[in-house]
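Here the structure comes first, spelled out in structure tokens, and everything after it is commentary.
The values are calculated or read from the model by the stated rules, or taken from the named source; none is laboratory data. As the structure is a prediction and not an experimental result, all values here were calculated from the model. Cβ placement follows ideal geometry from the backbone for every residue including glycine, while neighbour counts extend to all protein chains displayed. Keep in mind that these areas ignore ligands, DNA and RNA; they rest on the heavy atoms of the full protein, side chains included. Shrake-Rupley method; radii C 1.70, N 1.55, O 1.52, S 1.80 Å.
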Amino acid sequence: MPVTGVHFVRIKTAAGDHRWYLYAWRGGPRIAPVDGGPRPRLSRELEAKVKEERDKAGSVDAATLSGLIRDWRRSPEWAALACSTRDTWQPALTRLEAKWGALPTALWNDPRMVAKVLDWRDSMADTPRAADIAVTVLGRLLEWGRLRARVRVNVAAGVPGLYRGQSRA
């Protein structure tokens, strides 16, 4: 049975060619880029990747941070982000899920989690820009969850950044 619901996005490259991005579903994780030509057909390999992402998304407990991340990725707010923003934030979401994915969202209601967030940010101090992006993504995720009454407070709000831009002149 063929896979349905795959989302295709056609982008014009700087060279004037076209590239297709395939997503497991609208607002879901990106499966693969395909360069040029008409709308691509799904190979067996791509179908397997789509099914794998859908199985992975379906097996997440909604009351955990992983469930919050999954629901945020399916939301109109995530879909409204630019492709470049989603691509930049994706590694941060992966880090978040690896670190705290199994934690219940109820733990994020405790203001003492601010210290944990700061410790996590400081553990990435060797890459300050990536650390700041990770905290920014956590803040946006928790704010999205707060607006939907999934968490009561956004413990990542107001966390100062580590990165200090320098003049390239």
**ALA63 paired with SER43, simple spin-label distance in nm, labels 7 Å along Cα-to-beta-carbon** = 4.3 nm
**Asked** Taking the Cβ-Cβ separation of HIS18 and ALA157 as r and a Förster radius of 35 Å, what is the calculated FRET efficiency to the nearest 0.05?
**Response** 0.30
**Complete:** Taking the alpha-carbon centre of each part, the distance from the stretch 21-96 to the stretch 108-142 in Å is 23 Å
**Request:** Calculate one ³J(HN,Hα) per residue across the stretch 42-55 by plugging θ = phi - 60° into the Karplus curve 6.51 cos²θ - 1.76 cosθ + 1.60, and present them in order as whole Hz with x for glycine and proline.
**Result:** 7, 7, 4, 5, 5, 4, 5, 5, 4, 4, 4, 5, 5, 5
**Asked** Out of ALA62, ALA82, ALA15, any idea which swings most in a Gaussian network model of the chain, alpha carbons joined below 10 Å?
**Response** ALA15
**Complete:** Taking r as the C-beta separation of THR85 and ARG146 and R0 as 25 Å, the FRET efficiency to the nearest 0.05 is 0.80
**Prompt:** When only C-alpha pairs under 8 Å and at least 6 residues apart count, what is the relative contact order of the chain, in percent?
**Reply:** 16 percent
**Prompt:** Pick from THR105, THR127, THR64: which residue has the top mean-square fluctuation in a GNM of the chain where Cα pairs under 10 Å get a spring?
**Reply:** THR127
**Asked** Among 5-13, 72-80, how do they line up from the highest to the lowest mean number of other beta-carbon atoms within 10 Å?
**Response** 72-80, 5-13
**Request:** Just list whichever of LYS12/LYS49; LYS12/LYS99; LYS51/LYS99; LYS12/LYS51 have alpha carbons separated by over 32 Å in the model shown.
**Result:** LYS12/LYS99
**Prompt:** On average, how much accessible surface per residue is there in the chain, in Å², for a 1.4 Å probe, leaving out ligands, DNA and RNA?
**Reply:** 60 Å²
**Request:** Could you please state how large a percent of the accessible area of the chain is carbon and sulfur, counting protein chains only and using a 1.4 Å probe?
**Result:** 52 percent
**Message:** Can you list residues from other chains, or at least 5 along the same chain, whose modelled amide H is less than 5 Å from the amide H of ILE31?
**Reply:** LEU22, TYR23, ALA24
**Asked** Hey, in the GNM for the chain with a 10 angstrom Cα cutoff, which one of GLY37, GLY158, GLY101 fluctuates hardest?
**Response** GLY37
**Prompt:** Ordering TYR23, TYR163 from largest to smallest accessible area (1.4 angstrom probe), what's the sequence?
**Reply:** TYR163, TYR23
**Item:** Sum of side-chain charges, ARG30 neighbourhood, beta-carbon under 13 Å (Lys, Arg +1; Asp, Glu -1)
**Value:** +3
